[in-house]
Amino acid sequence: MDRCFVLCDSNIVLKADGSLPEFSEFEKIKTDNPLLEYFEEKNTGIKVLGLSSAEKLDASYKVIPMREFFAENDDETIRFQMFRAKSLLNWRVSAKFCQFCGQKLDEHPLLTARICPSCKNVFFPRIEPCIIVLVTKGEKILLARHTQRNQDIYACIAGFIEAGESAEHAVAREIFEETGLRVKNIQYRGSQSWPFPAQLMLGFTAEYESGDIVLQKEELSDAQWFDRNNCPASPKPGSIAYQLIHGEI
Ligand SMILES: [Zn+2]
């Protein structure tokens, strides 16, 4: 089913009743608001209008964080289409020139990619793999408050996979760097696209092995062992962090 997405920063524009806008509304929306990019993709059924500002929408629309829309919609197809739209929008506005020779890139005639008209290198949408891990110690789980993001909630340990690492290596390294703990029995649980701007979250669980919590102050403001049934404010339903914390995966 074709769906139309109007996106601005990390937000989605909806009609006042909470439904997605129709394609016929795009013309007026982009006339009133500064256009960043328009594109469509036939095989995934998305039509995407990216705005650089959504200040001139009339009262028949509302703007909400995409994370909120994601949490409130458990339809996997809509979730995929929205994150596909957001991923491609981020990539299209940031990857316009060849990394080798600086030429402006052309659309690839066959692939979801861009090609350099001069040196013929092909560039694909960017995906940055990250790990996110729930550490358990008996019945307790380790949750942390981050200094750079979502400071109002306790969440799982997470971080980017570095060059040359396996995902499991990144899990052990991130936990040790951020909390000083060693873990064992690292198990893959599932993955989730998280295009803010380009993450692919690979979810794991791991068991505490040794050590006392020593915070990496640049990354974490707090980390504690909690009862799974008595957690502080934590990530929203639908996110892989929520699924890990609540034992859904
Ligand atoms: Zn080039």
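A short reminder: the numbers here are calculations on the coordinates, not readings from a lab. These numbers come from a predicted model, not from an experiment. When we count neighbours, we look across all protein chains shown, and the Cβ atoms used for this are built from the backbone with ideal geometry, even at glycine.
Just to be sure I understand: if I project the alpha-carbon convex hull of region 1-101 onto a plane and average over all orientations, what area do I get in nm²? List each step's numbers first, then the result.
Numbers: hull surface 28.4 nm².
For region 1-101, averaging the hull's shadow over all directions gives 7.1 nm².
According to the square roots a ≥ b ≥ c of the eigenvalues of the Cα gyration tensor, what is the shape class of region 136-249, taking rounded for a/c under 1.5, prolate for a/b larger than b/c otherwise, and oblate for the remainder?
Note, shape of region 136-249 comes out rounded.
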### Task
Take the alpha carbon gyration tensor of region 18-167, find the square roots of its eigenvalues, order them as a ≥ b ≥ c, and report rounded if a/c is under 1.5; if not, report prolate when a/b exceeds b/c, else oblate.
oblate
### Task
Sum up the lysine pairs in region 25-82 that clear both bars: alpha-carbon distance under 20 Å and a spacing of 8 or more or different chains.
7
### Summary
Fewest to most Cβ atoms within 10 Å: Tyr242, Tyr38, Tyr154 sort as Tyr38, Tyr242, Tyr154
### Task
Compute the length gained on full extension between Asp2 and Asp222: take 0.36 nm times their separation in residues and subtract their Cα-Cα distance, giving the result in nm to one decimal.
74.8 nm
### Task
Run the dipole for region 1-47 about the Cα centre, Lys and Arg Cβ at +1, Asp and Glu Cβ at -1, nothing else charged, and hand back the magnitude in debye, nearest 20.
60 debye
### Query
Any idea what the dipole of region 1-129 comes to, in debye rounded to 20, about its Cα centre with Lys/Arg Cβ at +1 and Asp/Glu Cβ at -1?
600 debye
### Task
Loop sites only, by DSSP: take the trypsin sites (Lys or Arg not before Pro) in the chain that have at most 16 other C-beta atoms within 10 Å and name the longest stretch containing none of them.
150-216
### Message
Nothing charged except the Cβ atoms of Lys and Arg (+1) and of Asp and Glu (-1): what's the magnitude of the dipole of the chain about its Cα centre? Round to the nearest 20 debye.
### Response
500 debye
### Task
Calculate the spin-label point distance for Gln148 paired with Arg126, positioning each point 7 Å from the Cα along the beta-carbon direction, and give it in nanometres.
1.4 nm
### Message
Quick one: the Cα spread of region 130-170 along its three principal axes, in angstroms, biggest first?
### Response
31, 28, 9
### Query
For the chain, which longest stretch is free of loop sites, where a loop site is one of the GluC sites (Glu not before Pro) that DSSP puts outside H, G, I, E and B and that has at most 14 other Cβ atoms within 10 Å?
56-138
### Query
If you take the beta carbon distance between Ile64 and Leu111 as r and set R0 to 22 Å, what does 1/(1 + (r/R0)^6) give as a FRET efficiency, to the nearest 0.05?
0.10
### Task
Kindly put Tyr208, Tyr188 in sequence by how many other C-beta atoms sit within 10 Å of each C-beta, fewest to most.
Tyr188, Tyr208
### Task
Specify the inter-centroid distance of region 1-51 and region 159-177, based on alpha-carbon positions, in whole Å.
37 Å
### Query
With a 10 Å Cβ neighbour count serving as the proxy for reagent exposure, in which order, fewest first, do Thr136, Thr77, Thr44, Thr179 appear?
Thr77, Thr44, Thr136, Thr179
